[in-house]
Structures are given as structure tokens and as C-alpha cells.
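Input: a single structure, listed below in C-alpha cells.
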Number of protein chains: 2
Amino acid sequence: METAPPHDICPITRTLDLIGERWSLLIIRDVFYGVRRFDALQHHLGVSKKVLSGRLVRLVQEGILKKVPYQQKPERFEYRLTQKGRDLFPVLLTMMRWGNRWLAEKNEPHLHLKHLGCGEVVESNLVCSHCEKPLSPASVRAEISNSSG
Amino acid sequence: METAPPHDICPITRTLDLIGERWSLLIIRDVFYGVRRFDALQHHLGVSKKVLSGRLVRLVQEGILKKVPYQQKPERFEYRLTQKGRDLFPVLLTMMRWGNRWLAEKNEPHLHLKHLGCGEVVESNLVCSHCEKPLSPASVRAEISNSSG
DNA sequence: TCAACAGGTCCCTTTAAGAAACTAATTTGT
DNA sequence: ACAAATTAGTTTCTTAAAGGGACCTGTTGA
């Protein structure tokens, strides 16, 4: 990558505008883990209620989470991932791998993912969906298209 | 994923503590793009000098960027990625894909990556490094190990 | 000598975050 | 019947961080 395309049309900019602060991605991670209710999220994350409720409203508005009722009288909701939200799984997985590789302390407990298919600890690799070869910074070039074709 | 491991040992938490705010990842992205100097970064990103210099110091301290001299008299440096920094490429790539899939406006210019190997537009896929099968939320389980084995 | 450039720092105002108390509807315990 | 507990927030207040813009330093070149 050796070109610098305009900052404002970069999809990374747009993504970070939405979920690029400390809590949104952690909330999404927790919903992946199965933590779906306001109170559980608040305790598990240690985030203030004010910030949590703000983020949840935003994530629902943006279609990343949806509210699903789980009881009537009083009506209560839990938060589930939409397809748009589930699609963030690769982002979390690559962060997890990076954190484990570069930030894990020796002699500390260590969180990893086990692949149920093969039983091994997951070390995800990124491959091109067309040729299935691994992707590296040197093997790609940024381009701008008009998306009208 | 249906267990909720402790928040504080999660590698995603640690990663976001380091680079989980608006600017750090955008700076790293720009360095990938080849924008390496203070002024260029400041203009390309539209970030204040104060925030930029704070982030750069932090990223250098953490070993994600390194300062490389490119002239003497006066001595001037540019910022380059270390291996630790280059290893964030998959995080940026997955964000880019998500942004393109979910946040791109129709009729707007569109930024994507072309794979120099096969000439196609990159749509990255995540595969298990052991069995090379695609990874999905349902196919993995979070586990804690003591990393002493 | 003075402008230009790189790479910042300092000060001030606005914005966001966190902590704790307060609402509100309903159920449970005594 | 009445107090207390759940669940999911909102409101208020205080503190921390971000953003903008002026200012500073060291050097080359007109």
C-alpha cells in the first residue's frame, strides 16, 4: 500500500466513526459471548449505566444490535446481534489474535478460541476470497472506484 | 461463543486499551498508506497537532511505530511500522471490509483493495490456521489457559 | 534578516466520561 | 398490606479528555 486515498471516503474511517471508541466493540464482544442484558453488560464491562445506555441506543439505531423482548409484564428486552453486527466477528477475531500475540503477559491466564471443527487453538489467517492466498500489506493496493459500474 | 470470560483478561480489552480510540488506528492506517511524516499525517487526518503528537509518542513507546531519521541538519524523523504495527494489518483489513459492506453509500466513490496476486478486489476471509476452514462465531469457543504449559 | 518548514508545546473552551442518586413497573417475601 | 428486590434506565454533578489556535525552536535558503 503506497497511495494515500482521501481520508473521508475510507471505509476504515467510517467504521471507526461508528464503533471506534472503547465501549462499542466491547459491548459487541460481550453480546457475542452471550451477555445480552443491560445489567449483565453493565456488571461484566464495568461501564457506567449512562454510557452503556447511550451506546446501546446508538448500536440499535445503526442496526448492529436489535432489541428482542424476553418477557411481558413488565416488558423487558435483551440485545441481540443483527447480521451487520455478526459481521463484526472478523474484526474481533483479528484483534484477539493481535492482543494475544503482542500484549499477553507470560505467567498470566490467557484467553483464546478453540476451533470446534478441528479442536485446535484458533490462529486466524486472512486469505483472499478469490485465490485463497494469504493477504499481506505488500500484496494489495488501495484503489478508488465509482461504484456505479 | 456462549461463555463470558472475565473482561480484564480478554485480549480484545487489552488491544482496545492501546489503540481503541478514534485516532490511533487511523494513524496506523495512514502509515500503511505511506503517510509517514508529522505534517503529512496532520493534514491528511485533520487531527490537531496536540492529539497527533500525543498518539505518536504513545505508539512509539508501545513499539507499534518507530522513528527513523530521514535527514540531518536539522535532524528529522519519519514514522514507520514495526512488526508489531504491521501485524495490525488484518485488523484494518477486516474493518475495511465491514465498512465497505455495511457503510458504503451507493453512488459514492468507494475505496477498496486490489490483490496484486490475482488482480481481484480483495474480500478477505478468515480461516483457521490449522484446518484452513472458514471461521464463524458458532465454530469457536472461548477458553482460558494458564499459558504455563 | 526574514520567511518557510518540521515538529512540536501551551492555554483555553467544549465535550465526554464516571459515580451516585433517583424513576418506574412489577414481582416476591413477611 | 407493606417493604424490598429486579430490571432498565435517566438525571445531576464533578472530573478527565479532546479540539482549536497561538506560540516556540532550530535550520536552510532567498
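The values are calculated or read from the model by the stated rules, or taken from the named source; none is laboratory data. All values derive from a computational prediction rather than experimental measurement. No Cβ is skipped: glycine too gets one built from the backbone with ideal geometry, and neighbour counts run over all protein chains shown. To get the accessible areas, we keep the full protein, side chains included, count just its heavy atoms, and leave off ligands, DNA and RNA. Shrake-Rupley method; radii C 1.70, N 1.55, O 1.52, S 1.80 Å.
If you sort A:Tyr33, B:Tyr79 by accessible surface, 1.4 Å probe, largest first, the order is B:Tyr79, A:Tyr33.
For the protein assembly as shown, state the average projected area of the convex hull of the C-alpha atoms over all orientations, rounded to one decimal in nm². Please list the in-between numbers first.
Numbers: hull surface 71.2 nm².
One quarter of the hull surface, i.e. the mean projection, equals 17.8 nm².
Both chains summed, the buried accessible area for A and B stands near 8800 Å², from protein heavy atoms and a 1.4 Å probe. Mean sequence separation of contacting Cα pairs (under 8 Å, at least six apart), scaled by the length of the stretch B:66-149, corresponds to a relative contact order of 13 percent. Normalised by 2.2 N^0.38 Å, where N counts its residues, the alpha-carbon radius of gyration of chain B equals 1.26.
Rg to Rh for the stretch A:101-149: what is it, with Cα atoms only and Rh by Kirkwood?
On the way: Rg = 17.4 Å, Rh = 14.9 Å.
When Rh is taken as the Kirkwood radius, the ratio is 1.17.
Over chain B, what relative contact order in percent results from Cα pairs under 8 Å that are six or more residues apart? Before the final figure, lay out the partial values.
Numbers: 109 pairs, mean separation 32.0, N = 149.
Across chain B, relative contact order equals 21 percent.
Sequentially through the stretch A:117-129, phi angles give Karplus couplings (6.51, -1.76, 1.60; θ = phi - 60°) of x, 10, x, 8, 5, 6, 10, 5, 10, 9, 10, 5, 6 Hz, Gly and Pro residues having no value and appearing as x.
Contact-buried residues of the stretch A:91-107, at a threshold of 50 Å² lost accessible area versus the chain by itself: A:Val91, A:Thr94, A:Met95, A:Trp98, A:Trp102, A:Leu103 (1.4 Å probe; DNA, RNA and ligands ignored). Across B:Lys133, A:Lys114, A:Lys50, B:Lys84, the residue with the most accessible area heads the list, and the full order at a 1.4 Å probe is A:Lys50, B:Lys133, A:Lys114, B:Lys84. When the Gaussian network model of chain A links Cα atoms closer than 10 Å, the mean-square fluctuations of A:Thr13, A:Thr82, A:Thr94 top out at A:Thr13. From helices alone, chain A scores -12000 deg cm²/dmol at 222 nm; the rule is -39500 (n - 2.57) for each run of n ≥ 4 DSSP H residues, then divide by the residue total. For the stretch A:82-125, the convex hull spanned by the alpha carbon atoms encloses 99 Å³ per residue.
For chain B, the fraction of 1.4 Å probe accessible surface lying on carbon and sulfur atoms is 48 percent.
Label points for B:Leu103 are taken 7 Å from Cα along Cα→Cβ. From this copy to the others they lie 2.0 nm apart, shortest first. Considering only A:Leu25, A:Leu126, A:Leu56, the Gaussian network model of chain A with Cα springs below 10 Å gives its largest mean-square fluctuation to A:Leu126.
For chain A, a Gaussian network of Cα nodes joined below 10 Å ranks A:Ser136, A:Ser24, A:Ser53 by mean-square fluctuation, and the top entry is A:Ser136.
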